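The values are calculated or read from the model by the stated rules, or taken from the named source; none is laboratory data. Predicted model only: the values in this text are computed from it and were never measured. Quick reminder, even Gly has a Cβ in these numbers, built from the backbone with ideal geometry, and neighbours come from all protein chains shown.
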Amino acid sequence: MRRLSSAAVLAAIVLLPIATRAADPIPHDSIFPPWQHGANNDARDRGLSFTVPEIDNLADFHGNLSDPKLVLYVGGNYFFAMAPLTAAFEQQHPEFKGKIYWETIPPGLLVKQIEAGGTVTSGNMTWTVKPDAYFAGLNKVQGLIDQGVLAGPPVPYVTNTLTIMVPAGNPGHVKDLSDLARPDLHLAMPNPEFEGVANQIEISLKKAGGDALATAVYKTKVADGSTVLTHIHHRQTPLFLMQGRAQAGVTWQSEAVFQEGIGNPISHVDIPTTQNATAVYAGAEAKDAPHPQAARLWLAFIRSPTALAIFARYGFKPFTKAASAD
């Protein structure tokens, strides 16, 4: 009889509880990103359309690389807002129509791309595109300004809070953050290594259950396989929930609002204000930006009433001087 490798045995042990305890997976391609049917692409001439969900798909890279006039590195937490934001910006500045390129991978990975000179590889494709502006949490942006990676000052514009994302119907019967420590509950959680939201989540977990709850979610359950750490939580968490691979995951509340709004079988459990964490989103011009004037136009636009009204559709709140990051 052919022997199974120790890795295969471990994988079977880890995956078995997920398969037997999680909700039944949804057996159709609509659960796979991208979820906006091409709306998040600024290119005017798209040529051959070739996107195969789950197989050939570059969901977090948007636009045409041939001759962009504005390049934005955007922390992925509001990828869904970029299409209407770009359309509104181009109404005010029609010279940029079809000339904006943006990426929405996690902020820490965008920094690694900056360190690599703007070069990134996805699958078998490698390309180089240097940013004009970078967007993430205010503390992250300020830190990069201090390091000389970005040119200050930072431009804060909206705030966001956390929620517990669950499949529709909440099959794991999650009531609050303390439930996330349950051994029977399988989680998809952002990776602290490069997903900034993990810092806010840890703050929230400690507010709800002290160090014990944070340790249970991010150490004990990671070690036993009942917490899976994501690489790109704004895509993986809802996908894993819809596939039945997890029963809960903490995300920004705006991401749950988006998923519910497009009709995906996703719901959420509110986190009380006393246990929640607030993020302030900010941006800044990249040092040696290829298109510095374009960067400044976008930074002015992003905190305008027009942009703030778009953000409000997804539950973001305008930044005020009274707002602060936890």
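Of all the residues in segment 229-250, those that are among the β-branched types (Val, Ile, Thr) and touching a Leu at 6+ places or on another chain (Cβ under 7 Å) number 1.
Return the total of residues in segment 153-174 being under 20 Å from residue 304 (Cβ atoms) and surrounded by fewer than 18 Cβ atoms within 10 Å (Cβ to Cβ).
So the answer is 1.
Might you let me know whether segment 233-240 holds any residue that is basic (Lys, Arg), under 19 Å from residue 202 (Cβ atoms) and buried (at least 20 other Cβ atoms within 10 Å of the Cβ)? Checked against the condition, which is being basic (Lys, Arg), under 19 Å from residue 202 (Cβ atoms) and buried (at least 20 other Cβ atoms within 10 Å of the Cβ), segment 233-240 yields no hits at all.
Picking from residues in segment 57-112 that are polar (S, T, N, Q) and either in a helix (DSSP H, G or I) or modelled with pLDDT of 95 or more (or both), the one that is surrounded by the most Cβ atoms within 10 Å (Cβ to Cβ) is 77. Just one of the listed residues (178, 204, 254) is within 19 Å of residue 135 (Cα to Cα) and in a helix (DSSP H, G or I), and it is 254. Within segment 258-272, the set of residues being touching a residue at least 24 places away in the same chain (Cβ under 8 Å) and touching a strand residue (DSSP E or B) at 6+ places or on another chain (Cβ under 8 Å) comprises 259, 265, 266, 267, 268, 269, 270, 271. Restricting attention to segment 198-205, does a residue exist that is surrounded by fewer than 22 Cβ atoms within 10 Å (Cβ to Cβ), among the hydrophobic types (A, V, I, L, M, F, W, C) and within 27 Å of residue 264 (Cβ to Cβ)? Yes, segment 198-205 has at least one match. Residue count for segment 141-152, restricted to those that are in contact with a Phe, Trp or Tyr (Cβ under 9 Å, 6 or more places away or on another chain) and either crowded, with 20+ Cβ neighbours inside 10 Å or on the phi > 0 side of the Ramachandran plot (or both): 3.
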